[in-house]
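Step one of this worksheet: look at the structure below.
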Protein chains: 4
Amino acid sequence: MSPLNRQQQLDQIRDERREQIKQAALKMFACRGYTGTKTSMIAKEASISEGLIYRYFNSKEELFITLVQELMEEARSELENVGFLPGTPFEQIRTLTINILDEDNIHAFMLMERARKADDVPEKVTQIFEGVSTNVLIEPIIPIFVKGQQSGEFSPGEPRRILSWYFTIINSLLTQEEMDEEYGLPDVDVLMRILTK
Amino acid sequence: MSPLNRQQQLDQIRDERREQIKQAALKMFACRGYTGTKTSMIAKEASISEGLIYRYFNSKEELFITLVQELMEEARSELENVGFLPGTPFEQIRTLTINILDEDNIHAFMLMERARKADDVPEKVTQIFEGVSTNVLIEPIIPIFVKGQQSGEFSPGEPRRILSWYFTIINSLLTQEEMDEEYGLPDVDVLMRILTK
Amino acid sequence: MSPLNRQQQLDQIRDERREQIKQAALKMFACRGYTGTKTSMIAKEASISEGLIYRYFNSKEELFITLVQELMEEARSELENVGFLPGTPFEQIRTLTINILDEDNIHAFMLMERARKADDVPEKVTQIFEGVSTNVLIEPIIPIFVKGQQSGEFSPGEPRRILSWYFTIINSLLTQEEMDEEYGLPDVDVLMRILTK
Amino acid sequence: MSPLNRQQQLDQIRDERREQIKQAALKMFACRGYTGTKTSMIAKEASISEGLIYRYFNSKEELFITLVQELMEEARSELENVGFLPGTPFEQIRTLTINILDEDNIHAFMLMERARKADDVPEKVTQIFEGVSTNVLIEPIIPIFVKGQQSGEFSPGEPRRILSWYFTIINSLLTQEEMDEEYGLPDVDVLMRILTK
DNA sequence: CATGAATGAGATTTCATTCAT
DNA sequence: TATGAATGAAATCTCATTCAT
């Protein structure tokens, strides 16, 4: 094997390990919060030794911040792409909603919820959310919503306000695991009625 | 001072202290979660020494459990009394909603939310919520809602399901502090529309 | 009531209280050792408030030391008086043995045992026992024992050594509560045989 | 190093550490009792950090209970093996006595004494001693003693009673450190006379 | 790179002592 | 004098992080 390939292989292992740790941390932080998650739990969830975390992240804090930042970036990216989805404004936002409700996202959303609302997170995370409030995330959706209002697909009213509530509600539904057992998540089209009616 | 008065006075001091500690703990647990709240913070918030907490509660865990149980009891009691409020079913549930949205309740609701959803709480708290699910709490409201449906005040549909979503949404709105700054909580009557359609 | 009597009365109350505390402390220290006894237990045993102990003793340590010193003094006094008891040397030591085996002494003996053997006692107590070793206590008995040897009542052998073992054994029997249930303490005359052979 | 060896090596380290902690704890508990022994002392005696104790034992209490149980088991085992020692009943019990008087056992005996007599020990330890009283330990020796009585090696009398006293006395002598300085422990053969005479 | 034993700073809890009443 | 609520120093215990292997 050439030295180059050797290096590539190592890099790949590193990337995989890093991802593995992040996934485990995401799950644990989502379920137990920042202080409630012990590094030993993350290691166990990731099936690695406790010490190994520190070869990929300088500290529990850095791991948490990294997660929040990356999830934030993903969310931002997802929202910015809505305008490029096919279909009418209604169909674009409907697709976005479906994507968000995907259960693979559940831990990500729970983590973000907690990170934003809880006071027991690193200073820097608080700052991230101060700088980038929910409303900033909503920003790229506003013109789309307005277009839908003009075409009559959406009900009239202050766009930012309506969208803010809409995402708040989706968020809260996502993190209400308990509901699943009885009724599951509400149908997408029921939710869309919040915007149309 | 007579011995009787002396004893009464001591009892009163104990009651006040206990209440003081519970209030401080409620606030801290609500904002920072169970593991994120250090006993030193509770003591500081209550302006007492750390040791004193332990003359009133055997442990941080017991303090937390006590809070959850008492809040649960209050909630149950509040919901059971709705039927005895004056007015039509619509007015009764409207009054309940106003009571819930009262900002004095904010910490109580946040604490309950976290206690129910987080995995970093004492075993016993998990059990409390397993035994008494949200649906049990909703139970006493159902007949009232049905009466409202019959009189045409409320929209048709499966009562338990509609009410479950209704309270989920109220819950989530209450715990979204961030919104306050921009738009505050939605008006009661806007929320009631979820039930009336 | 005259001022003098008033004063006397107060003094008497003080003495009684002090005695009450000492008795309670003796029992607790005997059963649970120095560090194992909490001042709150002593207070409870004496049926007084926790704070009151400190109006009679400056500290738990002082209370303990006082007890040890007084018990030591009593023991010394008891042993010094043996020579003035009526009867032959055998009868004198027999009477002493009966007095020691009195069950009212059990706590006193247990306390002394622990105070002497345990390392978790105040420095000063250790010093007391260094200064006044068991052998010093035995000293006044030696001439009596020797007289008994000369008269043939006791078996020959080095007096200090024989007496040292004798008291060690009595001590140990006294503190073996468990035995009571099955066989009680050995009969005085059985014990005396250790000396007579 | 092969993975197998690596695992063996780690196991060995764990065993050694555990033993090291138990030895240190044994010494401290023996000298200072349960409450009188601080975990910091155990750590210092074992030359490890305080925290490490808790990777091997869940609590100071568990450490203490473990020690008592294991010592109890050893004692039981030792006593049960007496019948298989070579020689006559007299020689068997003589060998047992020598083994007990071994100064390596001193801490073990002191710890057991304290654990049995003191009231400041964990509940569970009290239960252990309730379940397995001294007499139960003596049980396997009784037939041996009876055989010795029949052969005339031992003096007549109720075996359980005589043996109970015998071990009580040996116990007490073992824990009388003070004696060492002056006369040391009595000779085995002197002690055996308690049984023969 | 990977492990997990070990550390030590910090959290929870206890309890001798003080102090307002 | 007597009480018991309150304190704070010290004990027990936890866990993020380091380090020898």
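The values are calculated or read from the model by the stated rules, or taken from the named source; none is laboratory data. This structure is a prediction, so every number in the text was calculated from the model and none was measured. Positions of Cβ are generated from backbone atoms using ideal geometry, with glycine treated the same way; all protein chains shown enter the neighbour counts.
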Please pick out the residue among D:GLU80, D:GLU91 that is surrounded by fewer than 18 Cβ atoms within 10 Å (Cβ to Cβ), assigned by TED's automatic domain parsing to the domain that holds D:GLU153, more than 16 Å from DNA strand E (Cβ to nearest atom) and over 19 Å from the mean Cα position of the chain (by Cα).
D:GLU91
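Got a number for residues in region A:122-173 being in contact with a Pro (Cβ under 8 Å, 6 or more places away or on another chain), hydrophobic (A, V, I, L, M, F, W, C) and more than 10 Å from chain B (Cβ to nearest Cβ)?
Total satisfying the criteria: 5.
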For D:ALA108: the one exception among (1) more than 16 Å from DNA strand E (Cβ to nearest atom); (2) within 14 Å of chain C (Cβ to nearest Cβ); (3) touching a residue at least 24 places away in the same chain (Cβ under 8 Å):
(2)
Could you check B:SER47 against (1) within 14 Å of another protein chain (Cβ to nearest Cβ); (2) within 16 Å of DNA strand E (Cβ to nearest atom) and say which number it fails?
(1)
When you scan region C:50-77, how many residues do you find that are more than 8 Å from DNA strand E (Cβ to nearest atom) and of a type in the set (Gly, Ala, Ser)?
2
Across region C:1-28, the tally of residues that are near DNA strand F (Cβ under 10 Å from one of its atoms) and over 30 Å from C:ASP119 (Cα atoms) stands at 5
Among the numbered criteria (1) at pLDDT 95 or above; (2) within 12 Å of DNA strand E (Cβ to nearest atom); (3) among the β-branched types (Val, Ile, Thr), which one does A:ILE13 miss?
(1)
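Residue by residue, here is whether (1) in contact (Cβ under 8 Å) with a residue 60 or more places away in the chain; (2) of a type in the set (Asp, Glu); (3) touching a His at 6+ places or on another chain (Cβ under 7 Å); (4) surrounded by fewer than 17 Cβ atoms within 10 Å (Cβ to Cβ) holds:
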site: D:LYS38; (1), (2), (3), (4): no, no, no, yes
site: D:GLU50; (1), (2), (3), (4): no, yes, no, yes
site: D:ILE53; (1), (2), (3), (4): no, no, no, no
site: D:SER59; (1), (2), (3), (4): no, no, no, yes
site: D:PHE64; (1), (2), (3), (4): yes, no, no, no
site: D:LEU67; (1), (2), (3), (4): no, no, no, no
Give the residues of region B:22-35 that are within 15 Å of DNA strand E (Cβ to nearest atom) and buried (at least 22 other Cβ atoms within 10 Å of the Cβ), sorted by residue number.
B:ALA25, B:MET28, B:PHE29, B:GLY33, B:TYR34
Scan region C:29-39 and give yes if some residue there is within 9 Å of DNA strand F (Cβ to nearest atom) and on the phi > 0 side of the Ramachandran plot, otherwise no.
no
Reported set for region A:27-44 where residues are within 14 Å of chain B (Cβ to nearest Cβ) and among the hydrophobic types (A, V, I, L, M, F, W, C) is A:MET28, A:PHE29, A:ALA30, A:CYS31, A:MET41, A:ILE42
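Conditions (1) at pLDDT 85 or above; (2) crowded, with 17+ Cβ neighbours inside 10 Å; (3) within 16 Å of the chain's Cα centre (by Cα), marked per residue:
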residue: C:ASP119; (1), (2), (3): yes, no, no
residue: C:SER133; (1), (2), (3): no, no, yes
residue: C:ILE138; (1), (2), (3): yes, yes, yes
residue: C:MET179; (1), (2), (3): no, yes, no
Considering only residues that are in contact (Cβ under 8 Å) with a residue 24 or more places away in the chain and assigned to a helix (DSSP H, G or I), which ones fall in region D:75-95?
D:ALA75, D:ARG76, D:LEU79, D:GLU80, D:VAL82, D:GLY83, D:PRO89, D:PHE90, D:GLN92, D:ILE93, D:ARG94
With (1) free of Cβ contacts under 8 Å to residues at least 40 places away in the same chain; (2) surrounded by 19 or more Cβ atoms within 10 Å (Cβ to Cβ); (3) of a type in the set (A, V, I, L, M, F, W, C) as the list, and B:PHE154 as the residue in question, which single condition is left unmet?
(1)
